[in-house]
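Sharing a structure below in structure tokens format, with a few things to ask.
The values are calculated or read from the model by the stated rules, or taken from the named source; none is laboratory data. The model shown is predicted, which means the values in this text are computed figures rather than measured ones. Here the Cβ positions follow ideal geometry from the backbone for every residue, glycine too, while neighbour counts run over all protein chains shown. Accessible surface is based on the protein model in full, side chains and every heavy atom, while ligands, DNA and RNA are left aside. Shrake-Rupley method; radii C 1.70, N 1.55, O 1.52, S 1.80 Å.
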Amino acid sequence: MRAFAYQRTTQIRDALNLVAQHDGARFLAGGTNIVDLMKAGVESPARLVDIRSLALGEIAEAPDGGLVLGATVTNSSVAADAQVRLRYPALSQAILAGASGQLRNMATVGGNLLQRTRCAYFSDPSEACNKRVPGSGCSAINGAHHNHAILDWTSHCVATHPSDMAVPLTAFDAVVRYETLHGPGEIPLAEFYLPVGDRPDRETALPDGALITAVVLPAAAVAGRSRYRKVRERASYAFATVSVAAALDVQHGLVRDVRIALGGVASRPWRARLAESALCGGPATAERISVAAEVEIAAAKPLRDNAYKVTLARNLIEAVLTELAADSGEERNG
Amino acid sequence: MNPDGITAAVGESRPRVEGRLKVTGSAHYVADLPMPNLAHGWMVTATVSHGRIRDIDATDALAMPGVLGVLDHRNARRLNPDVAHHFGPDRSLPMLQHEVIEYAGRPIALVVAETPEQARAAAAALRVTYDAEPHDIEFSMNHPAVRPASTLFGPEADTGDLEAELAASAVVVDEVYHTPEESHSALEPHVATAWWEDGHLHALDSNQGPFGISQVMASLFLIDPERVHIRAEHVGGGFGAKTVCGAQIILAAMAAEHFQRPVRVALTRRQVFLATGSRPPTEQRVRIGADADGRLRAVHHHAAFALSPLAEYIEWCTEQARTLYAAPAIRTELSAVPLNLLPPCSMRGPGAAPGSFAFESAVDEVAERLQIDPLQLRLLNQPVVSPVSGRPFSTRRLVQCFQEGARRFGWAQRDHRPRVRREGNLLVGTGVAAVAFIAGVFPSAATITAEADGTFSVRVGATDIGTGARTALIAVAADALGVGTERIHLHIGDSDIGPAAGAGGSRGTTSCAFAIIETAKALREKLVDPARPVTASVDTTPLINWQPDEERYTYSAVFAEVTVDPATGEVRVRRLLGMFAVGRVINPLLARSQLIGGMIGGLSMALHEESVRDPITGRLVTADFAGYHISAHADVPNVEADFVVDYEPQDPSGFNGLGEIGNAGTAAAIANAVWHATGTRHRTLPISLGRVIEPAAAHDHPGAVSVA
Amino acid sequence: MSDDTRSEIALRVNDETFRLAVDNRRTLLDALREDLNLTGAKKGCDHGQCGACTVLVDGQRVVSCLTLAVAADGAAVTTIEGLADDGELRPIQEAFIRLDGFQCGFCTPGQICSAVGMLAEHAAGWPSAVTRDDSPQRAQELTEEEVRERMSGNLCRCSAYPSIVRAILEASAREAVAG
């Protein structure tokens, strides 16, 4: 690990200035990912600017009836928040399905969004990795890629995004708010993560030096009927093989609103818009759910050793939607 | 009650004597012990699987703050190239001697600095270049380099006319099973602190047997064994990985000599994966022929495992086939395939764990094809004497294990057809497997002093890596001396105490207990003289009968219930019960813990564990706990382990070891349960979700059966 | 090394304040172990993947291996050494001994600190991945399944898991009774 300077500040402006004025300066929040990557030699910041004392640690009501999650609110606090649990249950469930109690107490909203892939080749500086060193090659594409991407990868990178939290946020059309020295900005989460393309090192649309200040959850009735299901190689404390966040609103027997996003399948949380379109407007029958899952997964391109993830993604979309449809049926009857 | 009116300590459940230290953070493991003037060594390992070091450029590293120097093959002291270890000559032990690399992860340099942070930063600044050569990690029992394994453990079995019995069989199972490379993953990474004083080497080292390690270190450094002093008071698990003389102590000793001050080498978790031994991958062909009524006619188990050309090793997978069931013809074969892999070392239940997975799966397949109860099949084929040697067993209570286990588990209610139990979306199944695990003792020496204050100082070179040896041996000593445990002061974990079995081979505690009991006998003869202190010492080497008339084993029957979600491939173990015949039990509380822990290790092996290597570079990809999954709390149900009444006649107190048998049978029991749940036979471990998941069409239709 | 790569920090550890000059790279775990000789917290992986280094920071369980010491400046830290009150074991420590909730003992300080933090989280009404969260306002019962899920960040290779769960549940029940 390279020696580095450390500063803590209480003002957003100071934090932005510190990062702008020093080469190699980075923000530090929970540290669960960046400190680990610094130990591995993947990240070598010259300066860390600790942002946990900024006034970004609250969950607030948004004027439109949604919620604003401050950037430094811990993952634990989001998951335990009564309004999140009531209005966006899949978000609470997704956070609780990730990492461990200790890590959730440290990790923050902003940091969670910006965490890096857990591809083993990325975290080992002695391996070729285009995400770590652009142009060095991808060791995973012909290497050990049992848990790599099945959608939207390119020959430059086949890594997946590791966040659970970002999956329901994607389904709920969350918006990332940030500050820069030139003023504030917003990016819908759907545009926040960049497609892999030929520059997998460029992961987000966040401007250089920008500080995430909040994630805004728009009001959405459908989100109250949501759930998150994560499949992984052990029962807990493991990154997703495939996960699904879904929400379903059935009125008078017809799907009025449906949201589906997948984790563990692509370089970014995968919004399953094809499946949503296939399901919206008609009844949530087993056949239509099955077709919706098929339609979404038709675009999947498995690698040599991960074709099982295509089956899994398909089955998981079907399973979660079937459960949600059954719940809405019970509500109607009850 | 013994003559002093003291309740016998052996047989009683008593908490660990060091329990208070462990729950207050006061048990000091090697890395917890401060050392004045300590320097820190950071190991650097090879990133190619085969080749030569072209250059190690340390210019930048040496200029960094706090750096004392870099040891590599160009400046390191020479070590004995002919050093030997458990299985024979071991060329992996002389480290930093030359530029040749035979496996990725091979230690190639040690950076020494004032603080660990400085050492780590400097290690990252080393520029190492290689001339890579073609490597080979493609393991297969048909590999052109395959050769017979060492017969150090005795000849393989060949009785009866195998082919004739197979030809006469009503049913023949002939299948091939695979287990992957696995990592011991003790929670304490290997660490040593070494220093030299007046030509003597001192070290605190995380190992499973300081005396054995001291002998290897003396040979490696070509010094008098009396000049090597190694201590290991508290050790954070080993599971076999710390039975061998590790890179941490070799490098720490070299650096301490070179830099003339104490040096600690603490391996990172990644380095533990890369550079300390692993369980080798196996490929095993099992052929079993049986009559229509289930009586076995022929058993053929051919197992192959990978090893390194640097060191001999034995993964004795064929033990079950030669002793578990009677058959007129039994043949076992064991093959080794040298590859560019990390040299393997014994991992909990060595041989038996992968071997029993293959063999007890195959036995289950016989029952499957005959459509009979797999437990009945096993009971039907119990031998009266050893089916290979013809010698009787000293004790064999496997049938009792089966029967009591079946009763507790509710086996009688089992519908033996596969894929018939459903609970919602889940398939449910149960399975059973048995194990015979060889038992015995190794030579050990003990010294007991009757002190003037009425207490007894008992010194034996045992190690307690979590086995409970410390607590058990105090009970044994108390009973042997006829006093309460509070009068026993036990000293272990120090090579200066003298020869002793390490915590390995399921023999550490039984071997040291034997030595203590013999020493107590000798001491009692001296106690007629009232002078104190008085001391007696006994080395059990001449007392051990290496050719007993009877075969000595421990036994288990393991029962498992699993649920399988065919839509996701998720397998969960819901119930796990092991019944054990392991001789007289010294401390049931601790023994149960050890067996349960072993069974969970088997669960982990069955469902999670697999070291994955890059198919192109041969390098380990799963070198952390996010890549190499071991069972976590949420994977583990209530696990029950219990004992049938047993007594080992070959031991003066009826003891047998039980450190490994818990691990050995569990993977097969779980694999058999997964077959029962799904109708699919999994012949490759781990039974991970990618192997279990079924397309929607299959799991939507009850009764659909596929074969993997 | 220039000055800005080191910091003067104050750590309140087990109710005692320590002033330290640390290399900014030093983790809280290494500061506890190497600078304060509080070696109860263990370095099992140094990557937040095993939980052996778990301590309480401002009352919450965290992994000290991914916490920079400098970032913990001003925080109150409780380690395993600070749990027993004047040498009197907490019920959870006593239950670990009696029910044999460990073997090698290396993960034990982390398991116990994690359990203390976990029980506080549960008491505060925090859900887990296995909580049936139909009515967030209602207190959840602490079942075996809940304990297993909430403790999954603490690996135990000896696999004392069943005894650990039993010890936690028993201690939790006793502390609840004790009020």
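Could you state the number of Å between the C-alpha centres of the range B:459-499 and the range B:607-630?
What the calculation gives is 39 Å, centre to centre.
What is the set of long-range amide H partners of residue A:232 at a cut-off below 5 Å, with H atoms built 1.01 Å from backbone N?
Under 5 Å from the amide H of residue A:232: A:241.
As a test of reading the structure, rank B:605, B:35 by solvent-accessible area (1.4 Å probe, protein chains only), most first.
If we order B:605, B:35 from most to least accessible, we get B:35, B:605.
What is the magnitude of the charge dipole of chain B about its Cα centre, with +1 placed on the Cβ of each Lys and Arg, -1 on the Cβ of each Asp and Glu, and no other charges, expressed in debye to the nearest 20?
Numbers: 60 positive and 80 negative charges, 173 e Å.
Dipole magnitude for chain B comes out near 840 debye.
Am I reading the A/C interface right? What is its buried accessible area, both sides, 1.4 Å probe, to the nearest 100 Å²?
Working: alone 14420 and 9850 Å², together 21250 Å².
The summed interface area works out to 3000 Å².
Another question about this same structure. Give me D for the range C:91-178 in µm² s⁻¹, whole number, from Stokes-Einstein with Rh from the Kirkwood sum over alpha-carbon pairs, 4 °C and 1.567 mPa s. Walk me through the numbers before you get to the answer.
Values: Rh = 13.2 Å.
For these conditions, the coefficient is 98 µm²/s.
Over the alpha-carbon set of chain B, work out the extent along each principal axis and list the three values in angstrom, largest first.
73, 71, 49
Quick one: with all protein chains in place, what share of the accessible area of the protein assembly as shown is carbon or sulfur, to the nearest percent (1.4 Å probe)?
Working: 20760 of 40770 Å².
Carbon plus sulfur share of accessible area: 51 percent.
Could you tell me what a quarter of the Cα convex hull surface of the range B:189-304 works out to, in nm² with one decimal place?
10.8 nm²
Considering only DSSP beta bridges with both partners in chain B, what is the antiparallel share in %, to the nearest 5? Write down the numbers at each step before the final one.
Numbers: 97 of 126 bridges.
Roughly 75 percent of the beta bridges in chain B run antiparallel, per DSSP.
Right, another one. Could you state the number of Å between the C-alpha centres of the range B:355-424 and the range B:572-599?
Distance between centres, Cα-based: 19 Å.
Among A:169, A:147, B:538, which residue has its Cα furthest toward the positive end of the charge dipole of the protein assembly as shown, with +1 on Lys/Arg Cβ and -1 on Asp/Glu Cβ?
A:169
Tell me the total accessible area that B and A bury against each other, 1.4 angstrom probe, in square angstrom rounded to 100.
Approximately 2400 Å², summed over both chains.
Among C:132, C:12, C:98, which one moves the most in a GNM of chain C with springs linking Cα atoms closer than 10 Å?
With Cα springs under 10 Å in chain C, the top fluctuation among C:132, C:12, C:98 is at C:132.
Next question, about the same structure. Show me you know the interface measure: the accessible area buried between B and C, both chains summed, probe 1.4 Å, in Å² to the nearest 100. Please list the in-between numbers first.
Values: alone 26010 and 9850 Å², together 31550 Å².
About 4300 Å² of accessible surface is lost on pairing.
Can you tell me, using C-alpha contacts under 8 Å and at least 6 residues apart, the relative contact order of chain A as a whole percent? Before the final figure, lay out each step's value.
On the way: 754 pairs, mean separation 55.1, N = 334.
Result for chain A is 16 percent.
Something else: Step through the residues of the range B:225-241 one at a time and calculate ³J(HN,Hα) from phi using the Karplus curve (6.51 cos²θ - 1.76 cosθ + 1.60, θ = phi - 60°), rounding each to whole Hz and writing x for Gly and Pro.
Running phi through 6.51 cos²θ - 1.76 cosθ + 1.60 with θ = phi - 60° gives x, 5, 9, 10, 10, 10, 10, 8, 6, 10, 10, x, x, x, 6, x, 5 Hz.
If you count, for every residue in B:681-688, the Cβ atoms of partner chains within 10 Å of its Cβ, what is the mean?
Numbers: counts 0, 0, 0, 0, 0, 1, 0, 5.
Average per residue, whole number: 1.
Run the numbers on the range C:91-178 and let me know its relative contact order in percent, using alpha-carbon pairs under 8 Å that are six or more apart. Present the calculation step by step, with values, prior to reporting the outcome.
Values: 81 pairs, mean separation 44.0, N = 88.
Rounded, it is 50 percent for the range C:91-178.
Here is a follow-up. Rounded to whole Å, give me the distance from the Cα center of the range A:111-130 to that of the range B:637-694.
37 Å
Whole number in Å², please: accessible area per residue of the protein assembly as shown, 1.4 Å probe, ligands, DNA and RNA not counted. All intermediate terms of the calculation are to be shown ahead of the outcome.
Numbers: 40770 Å² over 1221 residues.
Per residue, the protein assembly as shown has 33 Å² of solvent-accessible surface.
As a check on your grasp of the helix formula, calculate [θ] at 222 nm for chain A: sum -39500 (n - 2.57) over DSSP H runs of n ≥ 4, divide by the residue count, round to the nearest 500. Each step should come with its number before you reach the end.
Values: 12 runs with 104 residues, N = 334.
Estimated from H runs of four or more residues: -8500 deg cm²/dmol.
Summing Lys, Arg as +1 and Asp, Glu as -1, what charge do residues with Cβ under 15 Å from the Cβ of residue C:121 carry, residue C:121 excluded? Please list the in-between numbers first.
Details: positive: A:85, A:104, C:61, C:148, C:150; negative: A:81, C:58, C:133, C:141, C:146, C:149, C:175.
Result for the local shell: -2.
A further question follows. Computed from the mean reciprocal separation of all distinct C-alpha pairs, what Kirkwood hydrodynamic radius does the protein assembly as shown have, in Å?
On the way: mean 1/r = 0.0320 Å⁻¹.
Across the protein assembly as shown, the inverse of the average 1/r is 31.3 Å.
Which of the residues in the range C:93-130 lose at least 30 Å² of accessible area when you go from the chain alone to all protein chains together (probe 1.4 Å)?
Residues of the range C:93-130 that lose at least 30 Å² of accessible area once the other chains are added: C:97, C:100, C:102, C:103, C:104, C:106, C:126, C:127, C:129.
Give the percent of DSSP beta bridges with both residues in the range B:452-601 that are antiparallel, rounded to the nearest 5. Before the final figure, lay out each step's value.
Details: 11 of 15 bridges.
Percent antiparallel among DSSP bridges in the range B:452-601 is about 75.
Quick one: grab Rg to one decimal and Dmax as a whole number for the range A:5-50, Cα atoms only, in Å.
Taking only Cα atoms of the range A:5-50, I get Rg and Dmax of 10.5, 31 Å.
What does the C-alpha gyration tensor say about the overall shape of the range C:6-82? Classify as rounded when a/c is under 1.5, otherwise prolate if a/b is larger than b/c, or oblate. Spell out each step's value before the answer.
Details: a/c = 1.59, a/b = 1.22, b/c = 1.30.
Because a/c hits 1.5 or more and a/b fails to exceed b/c, the range C:6-82 counts as oblate.
Among all stretches of chain B without exposed chymotrypsin sites (Phe, Trp or Tyr not before Pro) (DSSP loop, at most 15 other Cβ atoms within 10 Å), which one is longest? Please report the intermediate quantities before stating the final value.
Values: sites that count: B:153, B:546, B:647.
With chymotrypsin sites (Phe, Trp or Tyr not before Pro) excluded where exposed in loops, chain B gives B:154-545 as its longest stretch.
Let me check I've understood the local charge: for residue B:144, count other residues with C-beta under 14 angstrom from its C-beta, Lys and Arg +1, Asp and Glu -1. What total comes out?
Values: positive: B:147; negative: B:136, B:138.
Counting the neighbours of residue B:144, the net charge comes to -1.
For the range B:512-523, what does the Karplus curve 6.51 cos²θ - 1.76 cosθ + 1.60, with θ = phi - 60°, yield as ³J(HN,Hα) per residue in whole Hz, taken in order and with x for Gly and Pro?
6, 5, 4, 5, 5, 5, 5, 5, 4, 4, 4, 5
Determine one quarter of the surface area of the Cα convex hull of chain C, which equals its mean projected area, and express it in nm² to one decimal. Write down the numbers at each step before the final one.
Details: hull surface 44.9 nm².
Hull-based average projected area comes out at 11.2 nm².
To the nearest whole number, what is the average tally of beta carbon atoms from other chains within 10 Å of the beta carbons of peptide B:531-542? Could you put the intermediate results ahead of the total?
Numbers: counts 0, 0, 0, 0, 0, 0, 0, 0, 0, 0, 0, 0.
Other-chain Cβ atoms within 10 Å of each residue's Cβ, averaged: 0.
Where does each of B:674, B:612 land when they are ordered by accessible area, with a 1.4 Å probe and the largest first? The partial results should precede the final answer.
On the way: B:674 0, B:612 45 Å².
Final ranking, largest accessible area leading: B:612, B:674.
With springs only between Cα atoms under 10 Å apart, run a GNM on chain A and tell me which of A:203, A:43, A:233 wobbles the most.
A:233
Further, regarding this structure: Can you give the local net charge around residue B:392? Use residues other than it whose beta-carbon is closer than 13 angstrom to its beta-carbon, Lys and Arg +1, Asp and Glu -1. Can you show the working numbers first?
Values: positive: B:391, B:396, B:552; negative: B:549, B:550, B:551.
Here the count lands on 0.
Suppose a student asked you for the relative contact order of chain B, using Cα pairs under 8 Å spaced at least 6 residues apart; what percent would you report? List each step's numbers first, then the result.
Values: 1879 pairs, mean separation 114.9, N = 708.
Relative contact order here is 16 percent.
Looking only at other chains, what is the average number of their beta-carbon atoms within 10 angstrom of each beta-carbon in B:583-593? Present the calculation step by step, with values, prior to reporting the outcome.
Details: counts 0, 0, 0, 0, 1, 0, 4, 2, 0, 3, 10.
The per-residue average across the peptide is 2.
Beyond 28 Å between alpha-carbons counts as too far, so tell me which of B:22/B:242; B:22/B:521; A:309/C:43; A:39/A:131; A:131/A:309; B:22/B:526 fall in that bin. Please list the in-between numbers first.
Working: B:22/B:242 20 Å; B:22/B:521 33 Å; A:309/C:43 34 Å; A:39/A:131 18 Å; A:131/A:309 23 Å; B:22/B:526 37 Å.
Long pairs (Cα-Cα over 28 Å): B:22/B:521; A:309/C:43; B:22/B:526.
Hey, in the GNM for chain A with a 10 angstrom Cα cutoff, which one of A:207, A:283, A:168 fluctuates hardest?
It is A:207.
Please list C:53-65, B:330-342, B:283-295, B:57-69 highest first by mean number of surrounding beta-carbon atoms within 10 Å per residue.
Working: C:53-65: 26.1, B:330-342: 23.5, B:283-295: 20.5, B:57-69: 17.0.
So the order, starting with the most tightly packed, is C:53-65, B:330-342, B:283-295, B:57-69.
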